[in-house]
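The values are calculated or read from the model by the stated rules, or taken from the named source; none is laboratory data. None of the values given here were measured: they were computed from a predicted structure. Heads up, the Cβs are rebuilt from the backbone with ideal geometry, glycines too, and the neighbour counts pull from every protein chain shown. Only protein heavy atoms, including side chains, enter the accessible area calculation; ligands, DNA and RNA are left aside. Shrake-Rupley method; radii C 1.70, N 1.55, O 1.52, S 1.80 Å.
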Amino acid sequence: METFDPAELPELLKLYYRRLFPYAQYYRWLNYGGVIKNYFQHREFSFTLKDDIYIRYQSFNNQSDLEKEMQKMNPYKIDIGAVYSHRPNQHNTVKLGAFQAQEKELVFDIDMTDYDDVRRCCSSADICSKCWTLMTMAIRIIDRALKEDFGFKHRLWIYSGRRGVHCWVCDESVRKLSSAVRSGIVEYLSLVKGGQDVKKKVHLSEKIHPFVSKSINIIKKYFEEYALVDQDILENKESWDKILALVPETIHEKLQQNFQKYHNSLQRWEYLKKAISWQDNTKNDKCGPLLEWEIMLQYCFPRLDINVSKGINHLLKSPFSVHPKTGRISVPIDLQKVDQFDPFTVPTISSICHELDAISINDEGKEGNEAESDIKHKTRDYKKTSLAPYIKVFEQFLENLDKSRKGELLKKSDLQKDF
Amino acid sequence: MQFSGGKRKKLRLTGDQRSVCYPHSLQFYLEPPSESISLIEFESLAIDRVKLLKAVENLGVSYVKGTEPYQSKLENEIRKLKFSFRENLENEYEPRRKDHISHFILRLAYCQSEDLRRWFIQQEMDLLRFRFSILPKDKIQNFLKDSHLHFEAISDEEKSVREPEILASSPSLSGSKTELELESVYKIPFADALDLFRGRKVYLEGGFAYVPLKDIVAIVLNEFRAKLSKALALTARSLPAVQSDERLQPLLNHLSHSYTGQDYSTQKNAGKISLDQIDLLSTKSFPPCMRQLHKALRENHHLRHGGRMQYGLFLKGIGLTLEQALQFWKQEFIRGKMDPDKFDKGYSYNIRHSFGKEGKRTDYTPFSCMKIILTNPPSHGDYHGCPFRHSDPELLKQKLQSYKISPGGIQQILDLVKGTHYQVACQKYFEMIHNVDDCGFSLSHPNQFFFESQRILSGNKDIRKESIQPETPQPKPSVQKAKDASSALACLNSSLEMDMEGLEDYFSE
């Protein structure tokens with residue numbers, strides 16, 4: 001893979017927006033079958049250009065208009081906002097107060113930085129294979145809830161390009177949800193509470209809601225390998241002191257002594273579980289499986305940023321946008337293969353541009369007419385790069401949206417015929 | 001709603017049509033009434049509902065909502081006032097109609113300020129909660145449907161499949177299987193159960209919340225509150241048009257401040273109190289507002305205008321004659337180094353005025369609790385007002401401690417004050433100083449406090465003849481005589497004037 005040099009971005013982006021960006025699929029998504037008039041035309045986009053110039057309230061008439069503008073402006077970053085009451089690029093002409101955000105997908109942003117208190121390998125913007133499992137667990141837990149509890153069908157998970165993942169929930173009814181309901185959904189999905197000054201961030205009550213128990217079952221599948229091996233959370237005194245802060249003081253001494261006897265986190269964790277269950281039940285301190293689960297949740301459960309999800313007009317990084325610092329493309333994640341997803345194998349803009357060059361050199365020999373070959377290239381270009389499998393995932397997502405839409409239209413026309 | 005001048009126009013409906021109008025004993029008040037009624041009925045319906053809502057408030061703080069005594073007492077009140085409450089009763093058309101119309105009239109009166117709105121919504125919600133709680137299970141579904149709430153009960157099989165999850169999710173269920181078997185569970189779109197699902201207090205599956213009946217009530221009440229709140233805001237906007245109708249304006253203003261009991265102006269007990277009894281009576285039988293005024297008068301040998309009004313009229317109500325009153329005030333003011341002549345010139349005229357011996361010769365009535373609580377709040381240097389409403393809680397606590405109220409009693413009183421139940425707090429004070437569990441009356445007037453206290457202390461003898469139930473209205477004799485609406489209204493107006501006229505002109509500092 002080509003190493004990415006941010007200085008090359010202007011040139012790389014030019015090529016990317018001319019030959020690789022999947023405009024057809026992108027438009028197919030945001031147009032949502034053209035069922036609602038002007039849905040695409042009223043959508044806000046924002047561009048970040050070279051030298052950090054940021055422009056909001058961009059909107060486009062159709063796919064071709066979008067293409068032309070993006071090629072002209074060569075944005076470093078693209079964000080998607082809400083569908084408004086009027087064309088965003090004309091918002092200044094609208095009477096004060098009449099220009100309103102009306103609909104948007106329900107979005108989630110899960111950021112590795114928010115786990116800094118519980119990961120030992122990296123901090124802030126860094127990620128590695130040892131801590132990426134946190135994202136895997138987050139996707140599994142959140143996606144299960146969105147699908148099974150809330151009944152959301154069209155969920156698109158995207159790698160953000162550096163240190164996290166995004167989720168776009170695109171069901172028709174979901175796009176209409178109010179800010180209050182969106183906040184409520186985030187609340188439902190939240191278990192880890194408290195900032196730096198709070199030691200114990202998860203408190204379970206006697207009655208365990210099915211959401212919590214199902215999430216714990218997911219974490220259980222990964223806990224040993226992720227926490228006890230990769231993160232080695234009971235490796236030494238410094239690390240196990242953090243765990244002791246989450247259990248009653250009465251067993252601290254016993255734990256400190258006995259931890260010394262064991263050689264690795266696995267053994268210490270087993271001992272910890274036993275020590276908790278021996279705790280006298282009559283005392284007020286919690287014991288038994290609840291305490292064990294609280295620790296597991298604090299170390300593994302997803303942290304959500306409510307501000308990203310609750311605002312209808314919130315702008316979030318677009319799929320297939322490029323990350324200016326890493327060069328990685330924000331690609332869709334295949335839910336069927338979420339355990340195998342490796343952020344370090346996600347194509348960068350330099351690598352796919354390089355692949356494209358290699359193909360063109362080969363093809364040029366075959367086609368004579370440059371204009372003809374240009375068009376032919378456009379339709380096949382991304383397919384011949386490492387971007388192809390990710391676009392396939394996206395197309396599957398679009399297929400599902402189409403199917404749902406047809407189903408709904410059929411239902412509605414049936415009802416109308418029923419008289 | 002159209003108001004016809006004085007004539008009574010009643011829609012005549014046949015039996016069938018009547019029950020169609022009001023299919024349920026309770027309602028969401030979605031549609032305003034469209035018939036014509038007379039002004040007399042307008043007023044009496046409204047007053048009855050105010051009484052009902054006050055009873056709801058009182059019972060709500062005296063008993064735990066939902067428990068047996070609360071339920072049965074509330075049912076009694078509703079039945080007494082002839083409002084609707086139960087399904088399956090005969091001849092329910094009138095009570096339901098009354099319920100419907102009176103609710104809408106009160107919207108006009110109670111939409112005007114944030115405090116009034118809050119109070120009105122709270123009592124209406126409690127009333128709805130009670131009525132909903134006695135709805136038979138098979139009627140619930142229909143009521144919900146008619147109120148445009150799309151809640152469906154799930155079948156027993158659907159319930160048993162999800163039994164463990166529903167039990168694990170709903171805090172309102174104790175966790176026993178048998179309880180769930182008996183309870184209905186409703187399937188509603190998750191977005192309609194926001195308050196439940198955001199705190200993970202309900203089981204979610206496939207986009208639906210599985211809500212046990214107990215929690216459905218919370219959702220229904222929230223819906224009701226939201227709708228009523230919006231409706232009141234709308235009503236407030238159209239209020240200027242309503243208020244410009246001269247027939248309605250005084251009625252509406254009066255309603256929200258209404259005191260519907262005795263006015264203690266008739267001097268049945270005149271002359272039965274001697275001046276040297278007052279000090280002792282102030283600690284034994286005076287409500288805290290008057291006790292505090294008396295103490296301030298004794299200590300400072302003076303009271304400002306607001307205090308003189310409130311306390312002076314109260315003393316008249318407990319039986320002081322004009323001569324006694326003049327002597328009482330003069331004695332005290334002279335102790336404060338006031339010149340006797342100055343007193344005669346400045347203050348005695350005012351005292352005679354308040355007894356109706358000067359000027360317009362109107363016999364002013366002692367202030368009711370509502371009046372003291374709602375009007376003329378005290379400022380620095382004043383001692384009038386209601387201590388439960390106007391005193392800082394810390395100061396109130398100290399005062400109660402100095403009155404030797406037990407810490408437990410003080411805490412109960414402070415809790416009631418926090419809940420803005422000032423008169424109930426005063427009732428609690430009454431119960432503590434008389435050492436009774438239940439004061440046996442609903443306090444709405446300081447003289448009522450005195451009267452009831454004397455009753456208990458004298459062992460109830462000889463007072464029965466003179467006791468008058470404060471709950472049943474004592475409409476002014478002049479109003480009862482009037483046969484047509486306009487003169488009735490005129491009389492009402494004049495009595496209102498009596499109650500609410502500012503006496504500032506006559507009194508100067």
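Some observations on this one:
- Qualifying residue in region A:243-263 (condition: within 14 Å of chain B (Cβ to nearest Cβ), buried (at least 16 other Cβ atoms within 10 Å of the Cβ) and assigned to a helix (DSSP H, G or I)): no
- For region A:293-315, the tally of residues that are more than 23 Å from A:R119 (Cα to Cα) and either free of Cβ contacts under 8 Å to residues at least 40 places away in the same chain or buried (at least 19 other Cβ atoms within 10 Å of the Cβ) (or both) stands at 5.
- Top-ranked residue of region B:148-167 - restricted to ones that are more than 41 Å from the chain's Cα centre (by Cα) and within 14 Å of chain A (Cβ to nearest Cβ), ranked as nearest to B:V202 (Cα to Cα): B:E165
- Search result, residues across region A:172-191 that are more than 9 Å from every other protein chain (Cβ to nearest Cβ) and part of a helix (DSSP H, G or I): A:E172, A:V174, A:R175, A:S179, A:R182
For (1) of a type in the set (A, V, I, L, M, F, W, C); (2) surrounded by fewer than 15 Cβ atoms within 10 Å (Cβ to Cβ), each residue gets a yes or a no:
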{"site": "B:K357", "(1), (2)": "no, yes"}
{"site": "B:K371", "(1), (2)": "no, no"}
{"site": "B:S379", "(1), (2)": "no, yes"}
{"site": "B:F388", "(1), (2)": "yes, no"}
{"site": "B:S391", "(1), (2)": "no, no"}
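- Cross-chain or 6+ apart pairs with Cβ under 6 Å, region B:193-208 first and more than 7 Å from chain A (Cβ to nearest Cβ), then among the hydroxyl-bearing types (S, T, Y) and crowded, with 23+ Cβ neighbours inside 10 Å: B:V202/B:S169
- Among the residues listed as B:A241, B:A226, the single one being open to solvent by 50 Å² or more (accessible area, probe 1.4 Å) and within 14 Å of chain A (Cβ to nearest Cβ): B:A226
- Considering each residue of region B:20-27 in turn, at least one proves to be open to solvent by less than 10 Å² (accessible area, probe 1.4 Å) and modelled with pLDDT under 85.
- Qualifying residue in region A:77-92 (condition: of a type in the set (A, V, I, L, M) and more than 20 Å from the chain's Cα centre (by Cα)): yes
- Contact annotation: residue pairs with Cβ atoms under 9 Å, 6 or more positions apart or on different chains, pairing a residue in region A:149-165 that is facing chain B (nearest Cβ under 9 Å) with a partner that is acidic (D, E), are A:D149/B:E205; A:G151/A:D171; A:G151/B:E205; A:F152/A:D171.
- Positions within region B:321-364 being among the aliphatic types (A, V, I, L, M) and touching a helix residue (DSSP H, G or I) at 6+ places or on another chain (Cβ under 7 Å), in sequence order: B:L322, B:A325, B:L326, B:I334, B:I351
- Residue, farthest from the chain's Cα centre (by Cα), within region A:221-238, restricted to residues that are surrounded by fewer than 15 Cβ atoms within 10 Å (Cβ to Cβ) and either at pLDDT 95 or above or in a helix (DSSP H, G or I) (or both): A:K237
- Residue match in region A:195-204 (condition: in a loop (DSSP other than H, G, I, E, B), open to solvent by less than 30 Å² (accessible area, probe 1.4 Å), at pLDDT below 95 and within 12 Å of another protein chain (Cβ to nearest Cβ)): yes
- Count of residues meeting criterion [within 23 Å of B:A226 (Cβ to Cβ) and either in a helix (DSSP H, G or I) or without any contact (Cβ under 8 Å) to a residue 40 or more places away in the chain (or both)] in region B:121-149: 20
- For A:I208, the criteria (1) of a type in the set (V, I, T); (2) open to solvent by 10 Å² or more (accessible area, probe 1.4 Å); (3) away from every other protein chain (no Cβ under 11 Å) hold in every case but one, which is (3).
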